[in-house]
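Pasting a structure below so you can have a look.
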Amino acid sequence: MLLTLALALSATASATPRTLDQIKASGTLKLGTEGAFPPFNFYQGKTLTGFEVDLGNALGKALGLKVEWVVQPFDGLLIALNQGRFDAVVASHAITPERQKAVTFLNPHYCSTVNIVARKGGPLSRQALAGKTVGTQIGTAQIPILQAIPGIKDVRTFPNDQTVLSALQAGRVDAWSSNGPVVAYMLKQTGQGGKILIGEAISRERNAGAVAKGNTALQGALNAALTRVQADGTYAKLSQKWFGQDIRCQ
Ligand code: LYS
């Protein structure tokens, strides 16, 4: 009976997003991410790293907080955020009207395109996708955009971009769609540049972190921290380190 009560209480506690005051009192900011989206958030060996990991750590530092990362698959991140598993998510979410109904977005921390990618000779434009199969990650903003392409044969979803790239290499899909900087990084890492090409952009995204729906005090603090690191040169340094250019939204 007591055990049941304790379990119920801990379930309730973990189901409530923390307020800014609670986070400050604890001294630790919990950030959620995917850990499979290089070079934004990924593992190098056992170490979680990437532009968004560096940036998240810088935001914590600007607020005088330690940062603890919670890593889980992309498609469950926004639900986990609203359940209070972590205080904010930093995982390359495009700001979309649908997601805005579910969570409270921060100001965007970068802008990027989503592109069509194919093996040399394969479909590299919207038009060329007629009758073709495209693979993309489950839970992403590009799925409805791909589905709306006239004549497209099939939009297949995969757990992450690594599995889509493998499917493309093996010819199980004709094309792949993901954020341009991610594709560029992965092709370079796997030595596929030249064999696999980056084609047309099908969307332009404003990518942002988010807090649980309505957690506006935390949103304000994180936005202020982002403005600060973008003004003091921290952001520019990190962007140069990972991309060789400044990827902030203009
Ligand atoms: N930026 C896209 C989106 O918001 C893709 C993110 C994928 C992260 N692994 O859906």
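Could you check region 166-201 and list, in sequence order, the residues that are part of a strand (DSSP E or B) and either in contact (Cβ under 8 Å) with a residue 40 or more places away in the chain or among the acidic types (Asp, Glu) (or both)? Spell out how you get there, then give the answer.
Of all residues in region 166-201, those part of a strand (DSSP E or B) come to 175-179, 193, 196-201.
Once the filter is applied, which keeps residues that are part of a strand (DSSP E or B) and either in contact (Cβ under 8 Å) with a residue 40 or more places away in the chain or among the acidic types (Asp, Glu) (or both), region 166-201 yields 175, 176, 177, 178, 179, 196, 197, 198, 199, 200, 201.
I'm trying to understand the selection: among the residues of region 181-199, which are crowded, with 16+ Cβ neighbours inside 10 Å and out of contact with any Asp or Glu (no Cβ under 9 Å at 6 or more places or on another chain)?
Matches in region 181-199: 181, 184, 185, 187, 192, 196, 197, 198, 199.
Among the residues of region 149-162, what is the count of those that are open to solvent by 50 Å² or more (accessible area, probe 1.4 Å) and away from the ligand (no atom under 11 Å from the Cβ)? Spell out the reasoning first.
Applying the first criterion (open to solvent by 50 Å² or more (accessible area, probe 1.4 Å)) to region 149-162 yields 150-151, 153-154, 156-157, 159, 162.
The next check asks that each one be away from the ligand (no atom under 11 Å from the Cβ); those that pass are 150-151, 153-154, 156-157.
Residues in region 149-162 being open to solvent by 50 Å² or more (accessible area, probe 1.4 Å) and away from the ligand (no atom under 11 Å from the Cβ): 6 in total.
Let me ask another. Does any residue of region 50-62 turn out to be among the polar types (S, T, N, Q) and either part of a strand (DSSP E or B) or in contact (Cβ under 8 Å) with a residue 40 or more places away in the chain (or both)? Show your work before the answer.
Taking region 50-62 as the starting set, the residues that turn out to be among the polar types (S, T, N, Q) are 57.
So of that shortlist, the ones also either part of a strand (DSSP E or B) or in contact (Cβ under 8 Å) with a residue 40 or more places away in the chain (or both) come out as none.
No, region 50-62 contains no residue that is among the polar types (S, T, N, Q) and either part of a strand (DSSP E or B) or in contact (Cβ under 8 Å) with a residue 40 or more places away in the chain (or both).
Restricting to region 109-122, name every residue that is surrounded by 18 or more Cβ atoms within 10 Å (Cβ to Cβ) and within 11 Å of the ligand (Cβ to nearest atom).
Passing the criteria: 110, 112, 114.
Hey, can you tell me all the residues within region 202-232 that are assigned to a strand (DSSP E or B) and open to solvent by 30 Å² or more (accessible area, probe 1.4 Å)?
Hits for region 202-232 are 204, 206.
Would you mind finding the one in 39, 17 that is in contact with a helix residue (DSSP H, G or I) (Cβ under 9 Å, 6 or more places away or on another chain), modelled with pLDDT of 75 or more and either among the β-branched types (Val, Ile, Thr) or within 14 Å of the ligand (Cβ to nearest atom) (or both)?
Values: 17 fails: either among the β-branched types (Val, Ile, Thr) or within 14 Å of the ligand (Cβ to nearest atom) (or both).
Criteria check complete, one pass: 39.
Taking the condition of being open to solvent by less than 20 Å² (accessible area, probe 1.4 Å) and either more than 12 Å from the ligand (Cβ to nearest atom) or assigned to a helix (DSSP H, G or I) (or both), how many residues in region 85-102 meet it?
Looking only at that region, the number is 3.
The values are calculated or read from the model by the stated rules, or taken from the named source; none is laboratory data. All figures in this text were calculated on a predicted structure; none of them were measured in a lab. Virtual Cβ from ideal backbone geometry, glycine too; neighbours counted across all protein chains shown. Surface accessibility is based on the protein's heavy atoms, side chains included, excluding ligands, DNA and RNA. Shrake-Rupley method; radii C 1.70, N 1.55, O 1.52, S 1.80 Å.
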